[in-house]
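Novice: Quick one: the structure is below, questions incoming.
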Amino acid sequence: MFTLLIIIVVVVGACYLGFVFYQRRTIKMATDVYENKKKLTQIPLDDEFALAKKMNLSGESKKKYGQLYNKYQHYQNQMLPDIDSQIKTVKEDGKGINFIKTRKDWQTANQTIKDADATLKEIQAGLAQMYDLNKQHHLAVSELEKKYKRLREDILNENASFGPSIDGLEKMLADIEGTFDEFTKLTNSGDPSAADEVLNDLNASTSKLEDYMKRIPKLFASLNKEFDAQLDEIQTGYDELKKKGYNFPDDHFATDLKKIHDQIAANRVELKNLKVQTVETNNQKIEDAIDKLYAAMDTELQARTHVEKNTDVIGKYVAHVRRQNDDLTQRLKRLNKAYILNHQEIENNHQFDRQIKTLEKQFASQKAAMEDATAVYSQINATQQKMLTALAEIENGQKDLFEAIIDLPEKEKNARNALTKFDLDMRNKRRRIDNQNLPGLPDSYQDSFTAVMREITHLEDDLGKEKINIDDISKQVIIIQSDMDTLNDQTDQLLDNANLAEQTIQYANRFISSNPEIASASSKAQTCFEKQFDYAQSLEIISSALENQSSGIFDKIKDDYFKAKKRVTAKPKQDEGQS
């Protein structure tokens, strides 16, 4: 029971302390709201309204002033009393225990203060703007008055540089000055809002006038002097060039000059009407047209320099390829009697002749045009560049043709020398074979020998013809040389097999009486040698039998044979060196 009593006392005490804390906090919240409200009253709007009223506002500005003042009255008569009432409600709520309502009332009071603060700042900004505009406008009146005075002096002093646009510029300035008078009246009458709208238009018009005054003198100078001077220079230059024999492709100089003069006259009218952007665009077109005429004359001047230089070069070049082609023609006529020409040499020579005739005709036409003053040098220059390329191609083709035919006699001589060598080599082979006193020759060898002899005979027949085909003969020489090399190898193999077989059979005869196997092999080898002329097979039979009898015997016989052969082969070479 005592414990329960203590708990109750503690709970009651805690509630009391919480209530006391809540009341103090509520008082502080109400105090904070009150302090925020005091800050609102510190803004001296009464003074600012009094200052604005002294400006003697009128028109839109006076209307705006009235709107701001009504907002201020609402602030004083409605918003401030509401704030006081809400502060009082917060204080009263603090005496009870409805925490939620108290906090909501406190938030409402703070929001009302914020709204009031925003209203004050809006009013203050509107008054400041009116004051600043009025101040700026009075300054603008003074500055613009000086600017327009300067602009009028500039127009008066520099009126010659504006050409036909002077009347339009003066009218622009007069219109601007009329707008300026309106702006001055609005400013002095205390209507900065309406004056500000007029000032925007005034600044735009003034900027446009200043821009025109900067751009027009240059445009007028081009239309009044520069273009005419350039056109006179072009006309004079054109006349002089014509007297000196210059001509122009599709000559429209007279028409082009008239067209440009008309464009200049039309653009002056545009300048008078102050269509400055149009004038600038047209001036650029006129400049481009004038530059094109200058470029046309310059092209012919430069072209003539190239033509006069190249004319001498081309004349000599054409004569050079003509001489070369005539020489080739004579060479081909001679060679065509002795040789078959397979590579269109004569056709190529005729093609060169036709090309040279065309170039000669072009060159003669160019010289005639220059002599009778009808030449268009730019066209001739372009043609001459192509002629130089064509001449270089012809010359290179002539060189290739010359190199292809110049060595035909030399190739014939080489072929005849090869034929003589082939014939001598074949006789030497026959002599070598005859010196061996062989019982006969294998059919395969005789076929190879006979085939090479037929090839040599065919080569000899072709070289004996009235007109020889060097290409075919050169191919025959290559084939015969290859077949000769093969036949040389076959001859060496044949003689080596025959000599070794003969020596090996002789060596094997020692063992005939004592070795039946060798005796049988010797008989078979002898038959192959003397009856069948198969010296390779004969050697195979007897060498195998000896090797079976005693390994290494045949290798010794073979080594001795090739050593002896080497000495015999080397001796004639030594004799040739000593002689």
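FYI, it's all coordinate maths here, none of it is from the lab. Small disclaimer: the values here were computed from a predicted structure and weren't measured.
Novice: So what J values fall out for the range 288-304 if you push phi through Karplus, 6.51 cos²θ - 1.76 cosθ + 1.60 with θ = phi - 60°, rounded to Hz, Gly and Pro as x?
Specialist: Taking θ as phi minus 60°, the curve returns 4, 5, 5, 4, 5, 5, 4, 4, 4, 5, 5, 4, 5, 4, 5, 4, 5 Hz for the range 288-304.
Novice: Please report the base-10 log of the normalised intensity I(q)/I(0) for the range 246-405, using a Debye sum with one equal scatterer per alpha carbon and no solvent, at each q in 0.11, 0.20, 0.21 (1/Å).
Specialist: Each listed q corresponds, in turn, to -0.63, -1.14, -1.20.
Novice: I'd like the distance between the alpha-carbon centres of the range 254-329 and the range 447-461, rounded to an integer number of Å.
Specialist: Between the Cα centres of the range 254-329 and the range 447-461 lies a distance of 75 Å.
Novice: May I ask you to evaluate 6.51 cos²θ - 1.76 cosθ + 1.60, the Karplus curve with θ = phi - 60°, for each residue of the range 306-322 and list the ³J(HN,Hα) values in order in whole Hz, giving x for glycine and proline?
Specialist: Running phi through 6.51 cos²θ - 1.76 cosθ + 1.60 with θ = phi - 60° gives 5, 5, 4, 6, 6, 4, 5, 5, 5, x, 5, 5, 4, 4, 5, 5, 5 Hz.
Novice: Compute the normalised compactness of the range 171-303: alpha-carbon radius of gyration over 2.2 N^0.38 Å, N being the residue count. Don't skip to the end; give the middle numbers.
Specialist: Details: Rg = 23.3 Å, N = 133, 2.2 N^0.38 = 14.1 Å.
Ratio of Rg to 2.2 N^0.38 Å for the range 171-303: 1.65.
Novice: Largest first and in whole Å, give the semi-axes of the range 436-568's equivalent ellipsoid, each being the square root of 5 times a Cα gyration tensor eigenvalue.
Specialist: Rounded to whole Å, the semi-axes are 42, 15, 10.
Novice: Hey, can you grab everything whose amide H is under 5 Å from the amide H of ILE468? Only 5+ residues off in sequence or another chain; H modelled, so Pro and N-termini drop out.
Specialist: Amide H neighbours of ILE468: TYR339, ILE340.
Novice: Test of understanding: what is the full-extension gain from VAL568 to GLU153, defined as 0.36 nm times their sequence separation minus their Cα-Cα distance?
Specialist: Taking 0.36 nm per residue and subtracting the Cα distance, the gain is 136.6 nm.
Novice: Please state the equivalent ellipsoid semi-axes for the range 263-310: what are the square roots of 5 times the Cα gyration tensor eigenvalues, largest first, in whole Å?
Specialist: Whole-Å semi-axes of the equivalent ellipsoid: 37, 8, 4.
Novice: Holding the Cα-Cα limit at 32 Å, pick out from LYS357/LYS413; LYS208/LYS285; LYS244/LYS386; LYS429/LYS558 the pairs that are longer than that.
Specialist: Those over the limit are LYS357/LYS413.
Novice: At 0.36 nm per residue, minus the direct Cα-Cα distance, what do LEU388 and GLN549 gain on full extension? Give it in nm, one decimal, please.
Specialist: Details: separation 161, 0.36 × 161 = 57.96 nm, distance 8.75 nm.
Residue separation times 0.36 nm, minus the Cα-Cα distance, leaves 49.2 nm.
Novice: Which whole-Hz couplings ³J(HN,Hα) result when phi for each residue of the range 405-413 is put into the Karplus expression 6.51 cos²θ - 1.76 cosθ + 1.60, θ = phi - 60°, listed in order with x for Gly and Pro?
Specialist: Working through the residues one at a time gives 10, 5, 9, 4, x, 5, 5, 5, 4 Hz.
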